[in-house]
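What follows is a single structure, written as structure tokens, with notes after it.
The values are calculated or read from the model by the stated rules, or taken from the named source; none is laboratory data. For clarity, every value in this text was computed on a predicted model and none was experimentally measured. Glycine gets a Cβ as well: all are built from the backbone with ideal geometry, and neighbour counts include every protein chain shown. The protein model used for the area step is the full one, side chains on, heavy atoms only, and it has no ligands, DNA or RNA in it. Shrake-Rupley method; radii C 1.70, N 1.55, O 1.52, S 1.80 Å.
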Amino acid sequence: MRVDRDGSSTRHWDHVARRWVLNGYSNELLAEHKRKTHLALVARWANVENSGRILKTDLFEEAFGPDQFLFDLGQVTSNVIGIDCSNEIVVQAKRQAKQHNVDESKYLCCEVRHLPFPENSIDLIISNSTLDHFPSETDIVTALKELGRVLRVGGTLILTIDNKSNLTYPPYMLMRLWMQLGLAPYFIGKTLSPAKLRRTLEEIGFAVEESTAIFHYPHPDALVRWLECSLRKMGRGKFDDAIRKGLAVLDKLEGKRSKYLTGRYVAVKAVKSATS
Ligand SMILES: C[S@@+](CC[C@H](N)C(=O)[O-])C[C@H]1O[C@@H](n2cnc3c(N)ncnc32)[C@H](O)[C@@H]1O
């Protein structure tokens, strides 16, 4: 699919959603791993049960994938808000939420850079790879400031974005070409280096309490997906446990000093300071 220059546009994500509904999700084991990794990260850095109002900044996984994890949080607390700039994605996520018997009344279509919530009204924000779909770094900073505005003082932001320190992260020029050739499934945006992300968060008024890198497999995504799919089909289930074990072995790279060279995403826990 050819993608327009402004990946943050509603039209673009509505279009992606319509295609995704038709094609379905074909990487069950990667999805299972992604869901578990996100749930483990949230459990490590927040106490969901006592967190108060929780906001997730996109509903892509909830709309389409077994990689969803908001429904799992929805089983623990009903205080869950989900937003997405694509109405198609919100509608689809609501449909899926009903099937999982979780409350979807607070799933909204809106823009992460202009949230319809008052200042200091959210206790925990989970933003996994939403902010790396903007055409410029300035947009990322604008979105971070907006998350800082709605988060209460002392509230926690759990954020992941593409890690450009990863050894296999392609130059942005190549990604732009990939998109122009119609080979990317959707718009891939700019990202901030781990150091710049930390600096920016601190300037906005967050204290960065934790930082790590997650999902330790290489780019390009299409290759990893193809490999998982082929092994699963070839083995007709017989390789599933081996694939799971392989992913668990790769997870161990998070404990190494080289984690930012191998992890796909930078993940940070940032707490809003009283002085912000
Ligand atoms: C490709 S998905 C990836 C995110 C997903 N959490 C994941 O890790 O698979 C990007 C999602 O962010 C949403 N999105 C993109 N720009 C947005 C914006 N400015 N405001 C709110 N949602 C946005 C898209 O509609 C889409 O659902």
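Tell me whether segment 39-59 contains one or more residues that are under 14 Å from P185 (Cβ atoms) and at pLDDT below 95. No - not one qualifying residue is present in segment 39-59. Limited to segment 261-276, what total is found for residues that are open to solvent by 60 Å² or more (accessible area, probe 1.4 Å) and of a type outside the set (A, V, I, L, M)? The number of residues fulfilling the criteria is 2.
Is it the case that some residue within segment 77-90 is in contact with a helix residue (DSSP H, G or I) (Cβ under 6 Å, 6 or more places away or on another chain), open to solvent by 60 Å² or more (accessible area, probe 1.4 Å) and over 22 Å from F206 (Cα atoms)? There is at least one residue in segment 77-90 that is in contact with a helix residue (DSSP H, G or I) (Cβ under 6 Å, 6 or more places away or on another chain), open to solvent by 60 Å² or more (accessible area, probe 1.4 Å) and over 22 Å from F206 (Cα atoms). The residue that is nearest to the ligand (Cβ to nearest atom), counting only those in segment 44-71 that are open to solvent by 30 Å² or more (accessible area, probe 1.4 Å) and either assigned to a helix (DSSP H, G or I) or touching a helix residue (DSSP H, G or I) at 6+ places or on another chain (Cβ under 6 Å) (or both), is F60.
Would you confirm whether or not segment 143-159 contains a residue that is closer than 24 Å to A43 by Cβ, aliphatic (A, V, I, L, M) and open to solvent by 40 Å² or more (accessible area, probe 1.4 Å)? It would help to see each step written out before you state the result.
Initial filter on segment 143-159 (closer than 24 Å to A43 by Cβ): 144, 147-148, 150-159.
Add one more test, that the residue is aliphatic (A, V, I, L, M), and what stays is 144, 147, 150-151, 153, 157-159.
Next, only the ones that are open to solvent by 40 Å² or more (accessible area, probe 1.4 Å) stay: 153.
Yes: one or more hits.
Which of the numbered conditions does G74 fail, given that it passes all the others? Conditions: (1) surrounded by 16 or more Cβ atoms within 10 Å (Cβ to Cβ); (2) assigned to a loop (DSSP other than H, G, I, E, B); (3) not aliphatic (A, V, I, L, M). It is condition (2) that G74 fails.
Give the residues of segment 16-27 that are surrounded by fewer than 18 Cβ atoms within 10 Å (Cβ to Cβ) and either in contact with a helix residue (DSSP H, G or I) (Cβ under 7 Å, 6 or more places away or on another chain) or not polar (S, T, N, Q) (or both), sorted by residue number.
R18, R19, V21, L22, G24, Y25, S26
Of the residues making up segment 182-203, just one is within 15 Å of the ligand (Cβ to nearest atom), in contact with a strand residue (DSSP E or B) (Cβ under 9 Å, 6 or more places away or on another chain) and of a type in the set (A, V, I, L, M, F, W, C), namely I188. When restricted to residues that are in a loop (DSSP other than H, G, I, E, B) and within 10 Å of the ligand (Cβ to nearest atom), segment 77-100 contains 2. Take L250 and decide whether it is hydrophobic (A, V, I, L, M, F, W, C) and surrounded by 15 or more Cβ atoms within 10 Å (Cβ to Cβ). So L250 passes the test.
Go through segment 223-276 and give me each residue that's outside any helix (DSSP H, G or I) and either free of Cβ contacts under 8 Å to residues at least 24 places away in the same chain or of a type in the set (V, I, T) (or both).
Result: R236, G237, K238, F239, K256, R257, S258, V266, V268, V271, T275.
When restricted to residues that are open to solvent by 40 Å² or more (accessible area, probe 1.4 Å) and either in contact (Cβ under 8 Å) with a residue 12 or more places away in the chain or away from the ligand (no atom under 13 Å from the Cβ) (or both), segment 114-137 contains 6.
Within segment 28-43, identify whether any single residue is over 26 Å from R264 (Cβ atoms), surrounded by fewer than 21 Cβ atoms within 10 Å (Cβ to Cβ) and in contact with a helix residue (DSSP H, G or I) (Cβ under 7 Å, 6 or more places away or on another chain), and answer yes or no. No; the residues of segment 28-43 include none that is over 26 Å from R264 (Cβ atoms), surrounded by fewer than 21 Cβ atoms within 10 Å (Cβ to Cβ) and in contact with a helix residue (DSSP H, G or I) (Cβ under 7 Å, 6 or more places away or on another chain).
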